[in-house]
Each structure stands twice: as C-alpha cells, then as structure tokens.
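Enquirer: Questions regarding the structure given below will be posed in turn.
The values are calculated or read from the model by the stated rules, or taken from the named source; none is laboratory data. Quick caveat: nothing in here was measured; it's all calculated off a predicted structure. Quick reminder, even Gly has a Cβ in these numbers, built from the backbone with ideal geometry, and neighbours come from all protein chains shown.
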C-alpha cells in the first residue's frame, strides 16, 4: 500500500480491496482492475457497483505504478486513510458486544510483517482491539496493512504514548493483564492460567521481549514451552499460540456450561447460559 495524499491511500491486493468494499469502514473512491485479466475480478466489480464505487479496467503497468510494486494481484483501489482509534473507542467494543474483553498490547514491535500477521490473527480470533506504541515501534505502514489482509477494516488499533499507563487503564476496567516472556523457564505455560475472564495480552519486541517496567506492571507472566532446539518463537507466532489458548479455554467454558445447564434443566446440550462477565456458566 502506498500513500497518495495525507487523507488518501493506494490499497492493493485482492483481500485488502475486497474487505475495504465489504466492510464499509472507510471511503473507497475508485477500484482499478487489470485490463489483461478480463476473466477475473467479477466479484470485485460487482461489490464496487453495489457500493456505488467507480470501477475501471486499466493496463497492468498503470497498477504497478500506482501500487509501487508489481505484486498487486491485478487490483488497486484509491481509499481514505485508515485512522487510529482512540483508547476509549477500543474499550467500548467488548461492552457493546456483551463479551469478556480481549485486547492485545504490543511493546515496541518493530517488524511490519509481524505486526500485520498479528493483526490478521487477532481479528480472526475475536480480539476486540490492539494497542501499539506511538514511538519506537512500527505503525500501520503499507507492509503491515498488506500483511493484515483486510483485518484492519474490522479491528480497531489504538496508538498510545505510554504502554504502562495503558495497562493501568485496562486494569481499572477490570482486565487481567498477562505478559508473554521467554524467561525465566519457571514461568507457567498459558494453559495453567485462567484466561477466560476480561483479558489483555502483552507481547514484547522481536529482540528484547517485554521491557522490565512493562513486565512488572503485568498481573502475571507466561511462557510458551518449546520442545525443539529453537529457543524462541517470533512475536507473530507467539501471539497466535497465546490467542488460540484463550479461544480454547473460553470455548471449553461454553461447552461445560451448556452441559451443566442441560443436566440441571433437562434441556438439550448446546444451550449456553452466561454469567455477569459474559462467560459461559
């Protein structure tokens, strides 16, 4: 993705453009499709017309010039820039959905590919919002947005100046804050922690991990045990593993709750009751 003006971006690739059209989360001014690929892009054309967006077929070279790369998959769109969300905007998302909060905080993550992959995984697994640092960290660059593959059309990302202060706000909101760390080896694995309630996961940078002050402010630390010879996972893989554990625990709660409710009420398994925190009981 390239920047055309302060308020407009050039978005490229099938998934990012499709999700921009589907979500309606930002203004799409124009969709351009490779002229030489006449048999492709019918779904994009249909969505663009449905949304009232101008759609044209142009030479591949035009797309390459606009995108700044030949790897655009024959699709480019002119769209409004995606703004960062405010912290308050992120906090209200789980309340509006009536769900136990799940937030992801990133401490000085530097690689745009890692950021984009984390955002894609976070959106797919039900994270309500992500918080990144304003300084000494990668932002929503073109590489990051492309790696997110459309997730940013649905997932709010807030940029904060001080991660410790953001953690304190989340704790006041009732979130249990769990940081991921590679050391010491005695740290409990995530499956020994109860991750079913309102939760914020904190991941550190690719090289140094969590900064000491951030780690001390967390309510708990966890470590993903590794059985192979490689001593650590990259931050995107670690984030995916931790988020899957959260989903596993919460799904297990729902199943156990449905079975208990069915036994006590004589109902059918699969009916779910919910307690005051939004968790299955």
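Enquirer: Restricting attention to segment 219-235, report how many residues are closer than 24 Å to residue 168 by Cα and under 20 Å from the mean Cα position of the chain (by Cα). If you could, list the steps in order and put the result at the bottom.
Expert: Here is the first cut: in segment 219-235, the residues closer than 24 Å to residue 168 by Cα are 219-223, 235.
Pick out the ones that are also under 20 Å from the mean Cα position of the chain (by Cα) and you get 235.
Summing the residues that are closer than 24 Å to residue 168 by Cα and under 20 Å from the mean Cα position of the chain (by Cα) in segment 219-235 gives 1.
Enquirer: Additional query: With segment 43-160 as the region, which helices (runs of 4 or more DSSP H) entirely inside it contain at least 3 residues that are touching a residue at least 60 places away in the same chain (Cβ under 8 Å)?
Expert: Numbers: elements: 60-67, 87-97, 112-124, 142-148.
Of the helices (runs of 4 or more DSSP H) lying wholly inside segment 43-160, those with at least 3 residues that are touching a residue at least 60 places away in the same chain (Cβ under 8 Å) span 87-97, 112-124, 142-148.
Enquirer: What about residue 226, is it farther than 20 Å from residue 123 by Cβ, out of contact with any strand residue (DSSP E or B) (no Cβ under 8 Å at 6 or more places or on another chain) and either outside the structural domain of residue 98 (by TED's automatic domain parsing) or at pLDDT below 95 (or both)?
Expert: Numbers: farther than 20 Å from residue 123 by Cβ: yes; out of contact with any strand residue (DSSP E or B) (no Cβ under 8 Å at 6 or more places or on another chain): yes; either outside the structural domain of residue 98 (by TED's automatic domain parsing) or at pLDDT below 95 (or both): yes.
For residue 226, the condition - farther than 20 Å from residue 123 by Cβ, out of contact with any strand residue (DSSP E or B) (no Cβ under 8 Å at 6 or more places or on another chain) and either outside the structural domain of residue 98 (by TED's automatic domain parsing) or at pLDDT below 95 (or both) - is met.
Enquirer: Taking the conditions exactly as written (on the phi < 0 side of the Ramachandran plot, touching a helix residue (DSSP H, G or I) at 6+ places or on another chain (Cβ under 8 Å), loosely packed, with under 13 Cβ neighbours inside 10 Å and at pLDDT 85 or above), does residue 70 satisfy them or not? Walk me through it before giving the result.
Expert: On the way: on the phi < 0 side of the Ramachandran plot: yes; touching a helix residue (DSSP H, G or I) at 6+ places or on another chain (Cβ under 8 Å): yes; loosely packed, with under 13 Cβ neighbours inside 10 Å: yes; at pLDDT 85 or above: yes.
So residue 70 passes the test.
Enquirer: Those residues that are at pLDDT 80 or above and part of a helix (DSSP H, G or I), I need them from segment 18-42; list them, please.
Expert: 18, 19, 20, 21, 22, 42
Enquirer: Now a separate question. Please go through segment 184-193 and pick out each residue that is surrounded by 11 or more Cβ atoms within 10 Å (Cβ to Cβ) and either more than 17 Å from residue 237 (Cβ to Cβ) or touching a helix residue (DSSP H, G or I) at 6+ places or on another chain (Cβ under 8 Å) (or both).
Expert: So in segment 184-193, the residues surrounded by 11 or more Cβ atoms within 10 Å (Cβ to Cβ) come out as 187-191, 193.
Result: 187, 188, 190, 191, 193.
Enquirer: Among all residue pairs at least 6 apart or on different chains, which show Cβ distances below 8 Å where the first residue, located in segment 1-17, is assigned to a helix (DSSP H, G or I) and the second is at pLDDT below 50 and surrounded by 14 or more Cβ atoms within 10 Å (Cβ to Cβ)?
Expert: What qualifies is 16/1.
Enquirer: In this structure, is residue 208 at pLDDT below 95 and in contact with a strand residue (DSSP E or B) (Cβ under 6 Å, 6 or more places away or on another chain)?
Expert: Values: at pLDDT below 95: yes; in contact with a strand residue (DSSP E or B) (Cβ under 6 Å, 6 or more places away or on another chain): no.
Here the answer is no, as residue 208 does not meet what is asked.
Enquirer: Looking at the structure I just gave you, is residue 199 within 16 Å of the chain's Cα centre (by Cα), closer than 20 Å to residue 236 by Cβ and surrounded by 15 or more Cβ atoms within 10 Å (Cβ to Cβ)?
Expert: Taking the combined requirement at face value, the residue satisfies it.
Enquirer: Given (1) under 14 Å from residue 145 (Cβ atoms); (2) modelled with pLDDT under 85, identify the lone condition not met by residue 5.
Expert: (1)
Enquirer: Suppose the filter is at pLDDT 95 or above, farther than 19 Å from residue 23 by Cα and surrounded by fewer than 22 Cβ atoms within 10 Å (Cβ to Cβ); does residue 92 pass it? Walk me through it before giving the result.
Expert: On the way: at pLDDT 95 or above: yes; farther than 19 Å from residue 23 by Cα: yes; surrounded by fewer than 22 Cβ atoms within 10 Å (Cβ to Cβ): yes.
Judged against the criteria, residue 92 is a match.
Enquirer: Here's another thing I want to ask about it. So which residues in segment 161-181 are part of a strand (DSSP E or B) and in contact with a helix residue (DSSP H, G or I) (Cβ under 7 Å, 6 or more places away or on another chain), if there are any at all?
Expert: Residues of segment 161-181 that are part of a strand (DSSP E or B), as a first pass: 176-180.
Correct list: 177, 179, 180.
Enquirer: Residues of segment 40-97 being within 22 Å of the chain's Cα centre (by Cα) and more than 30 Å from residue 131 (Cα to Cα), which ones?
Expert: Scanning segment 40-97 gives no hits.
Enquirer: Which residues, taken from segment 182-211, are part of a loop (DSSP other than H, G, I, E, B) and closer than 20 Å to residue 138 by Cα? It would help to see each step written out before you state the result.
Expert: Step one: filter segment 182-211 for residues part of a loop (DSSP other than H, G, I, E, B), giving 182-189, 193-198, 204, 206-208, 210-211.
Matches in segment 182-211: 204, 206, 207, 208, 210, 211.
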